[in-house]
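Colleague: Here's a structure for you.
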Amino acid sequence: MSLAEHLGQRRFTAFSKATKDIETPCVVIDLAIVRSQFRLLAEAFPGAGIFYAVKANPSVPILETLVEMGSQWDIASRFELDKVIKHGAKVKDISFGNTIKKPRDIKYFYDKGVRLYATDCESDLKAIAENAPGSDVYVRVLTVESPGSAWPLSRKFGCDVNMCKTLVRQARDLGLNPRGVSFHVGSQQSDLQSWAQALDSVKSIFDDASDAGIELDLVNLGGGFPGRYLHEAPQLKEYADAIYGALKARFGERKLKIILEPGRYMVGDAGVLVSEVVMVSRKSEDTPRWVYLDIGKFGGLVESWGESIKYPIYTTKDEDKNREGVILAGPTCDSADILYEKFRYQLPLSLKTGDLAYLVGTGAYTTTYSAIEFNGFPPLAAKFYDSEKQ
Ligand SMILES: Cc1ncc(COP(=O)(O)O)c(C=O)c1O
């Protein structure tokens, strides 16, 4: 496949225009794709609250696009909070989704008007009761680590089912409004069963709350919806069918408020990282080529750790069908800055210094991870265009 086939001819033409004379490395983001991802989610999960996980890409043009679409917001810090409010988000649409937070930050959110908080432990719950009195809270339940996730998030956040049950009752006793349960099945999750498993825990917590006279109604399904990388994941409709099937099996016709927190799905496919080949070399005659790009782990490709996320890569030499597996590395003087070594991208033999490589699906978790001035390289630049408005 070529980049034109990957993007589709119309979007490729707009991309080519947007990248004319571009300085590399740069992530080029098509805002039309952000809009269409939002629409696809809204169609697949009708009536659900779509809370964009701002951490995936907090760039202003993306925030403004999502404000226009009517997005809501999963916020991790007061810095994200200030930024989304500045660019048009309404506080009623915000959830403070980070379970790890300072009491004074909770107060900061409360003073701004935020009334929805995630929690996963007693000390945080008490801090919420003290600093955000009367607010809505949802408890985050630990999920089983699933091999279907390319970027697991299950160990650090959440608590077990029994502790969630206790927290729900404590929330009520502390004068808060316990609303429901959240979880995250791990980012880039291709195992559809993992939502059903997590929903077993949610149901058990809802039932226990009912026994205590507390009627929960909020189910926060988290993120985990896929970007389009080398190993393809199921289609969004298959996720929705699996999730709605699992909800129905556990909750029947009960009326629930469903929330999603998409990060990767919303912005991943909108980005193409344009990078220049710095050098191609071999360490000896009979070993593979090393291709050094002007982007590496410290410039934003952190998700190449463990070679878990593999972006489709195209080059300006793609008409050359003579290919050979290469080791791909970044430009810094740091030996950890190797992107893919076990997995060998088959790149054209004619690839050389000055050619361009296009890493597709890089709109999420790249500019945000970009380290400032590591080895003197500046943080990853971004450029925005709209293939429907050129
Ligand atoms: C609380 C929370 N919600 C949503 C997300 C977004 O997940 P994804 O990018 O898989 O959609 C994350 C990612 O770290 C998260 O921590």
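Bear in mind that the values in this text are calculations on the coordinates, not laboratory data. Predicted model only: the values in this text are computed from it and were never measured. So basically every Cβ, Gly included, is an ideal-geometry build from the backbone, and we count neighbours across all protein chains shown.
Colleague: When the chain is fully extended, how far beyond the present Cα-Cα distance does residue 20 get from residue 169, taking 0.36 nm per residue of separation?
Modeller: 47.8 nm
Colleague: While we're looking at this one, here's another question. Mind checking the log10 I(q)/I(0) for the chain at q = 0.06, 0.08, 0.12, 0.13 Å⁻¹? Debye, one equal scatterer per Cα, no solvent, two decimals.
Modeller: Log10 of I(q)/I(0), two decimals: -0.26, -0.45, -0.93, -1.06.
Colleague: Something else about it: Roughly what percent of Cα-Cα pairs across the range 58-262 reach past 22 Å?
Modeller: So the pairs more than 22 Å apart make up 50 percent of the total in the range 58-262.
Colleague: Can you give the convex hull volume per residue for the Cα atoms of the range 26-86, as a whole number of Å³?
Modeller: 86
Colleague: To continue, here is another question. Placing +1 at every Lys and Arg Cβ and -1 at every Asp and Glu Cβ, with all other atoms neutral, what dipole size does the chain have around its Cα centre, in debye to the nearest 20?
Modeller: Roughly 580 debye, rounded to the nearest 20.
Colleague: At a Cα cut-off below 28 Å, give the lysines reachable from residue 383, other chains included and same-chain residues fewer than 8 away excluded.
Modeller: Counting by Cα, and skipping residues close in sequence, residue 383 has these lysines nearby: 17, 20, 55, 83, 86, 90, 297, 310, 317, 352.
Colleague: Additional query: Could you tell me the relative contact order of the chain? Use alpha-carbon pairs under 8 Å, at least six residues apart, and round to a whole percent.
Modeller: Values: 846 pairs, mean separation 76.9, N = 390.
Computed value for the chain: 20 percent relative contact order.
Colleague: For the residue pair residue 104 and residue 248, what label-to-label distance in nm results when each label sits 7 Å from Cα along the Cα-to-beta-carbon direction?
Modeller: Each label point lies 7 Å from its Cα, and together they span 5.1 nm.
Colleague: Between residue 156 and residue 122, take the C-beta separation as r, use R0 = 25 Å, and let me know the FRET efficiency to the nearest 0.05.
Modeller: Details: r = 17 Å, r/R0 = 0.70.
Working from the Cβ atoms, E equals 0.90.
Colleague: Taking neighbour Cβ counts within 10 Å as the exposure measure, how do 142, 176 sort from fewest upward?
Modeller: Listed from fewest to most nearby Cβ atoms, that is 142, 176.
Colleague: While we're on this one: Fewest first, what order do 195, 305, 151 take by the number of other Cβ atoms within 10 Å?
Modeller: Listed from fewest to most nearby Cβ atoms, that is 305, 151, 195.
Colleague: Report the residue, chosen from 341, 145, 232, that carries the largest GNM mean-square fluctuation when the chain is represented by alpha-carbon nodes joined by springs under 10 Å.
Modeller: Between 341, 145, 232, it is 232 that shows the largest mean-square fluctuation.
Colleague: Additional query: Taking 0.36 nm per residue of separation and subtracting the Cα-Cα distance, what length does fully extending residue 333 through residue 350 add?
Modeller: Working: separation 17, 0.36 × 17 = 6.12 nm, distance 2.54 nm.
Between residue 333 and residue 350, full extension yields an extra 3.6 nm.
Colleague: I've got another one for you. What ranking do 87, 231 get, fewest neighbouring Cβ atoms within 10 angstrom at the top? Let's see the in-between values first.
Modeller: Details: 87 15, 231 11.
Fewest-to-most ranking of 87, 231: 231, 87.
Colleague: Return the whole-Å distance between the Cα centroid of the range 130-170 and the Cα centroid of the range 292-329.
Modeller: 36
Colleague: To the nearest 20 Debye, how big is the dipole of the range 138-258 about its Cα centre, given +1 on the beta carbon of each Lys and Arg and -1 on that of each Asp and Glu?
Modeller: The calculated dipole for the range 138-258 is roughly 280 debye.
Colleague: If you don't mind, there's one more thing I want to ask. In the range 319-390, which trypsin sites (Lys or Arg not before Pro) are in a loop and have at most 13 other Cβ atoms within 10 Å, using DSSP for the loop call?
Modeller: 321, 352, 389
Colleague: What does the convex hull of the Cα atoms of the range 269-385 come to per residue, in Å³, rounded to a whole number? Mind dumping the intermediate values first?
Modeller: Working: hull volume 12.5 nm³, N = 117.
Residue-normalised Cα hull volume stands at 106 Å³.
Colleague: Let me ask something else. At a 10 angstrom cut-off on C-beta neighbours, averaged per residue, how do the peptides 212-221, 252-261 rank from highest to lowest?
Modeller: 212-221, 252-261
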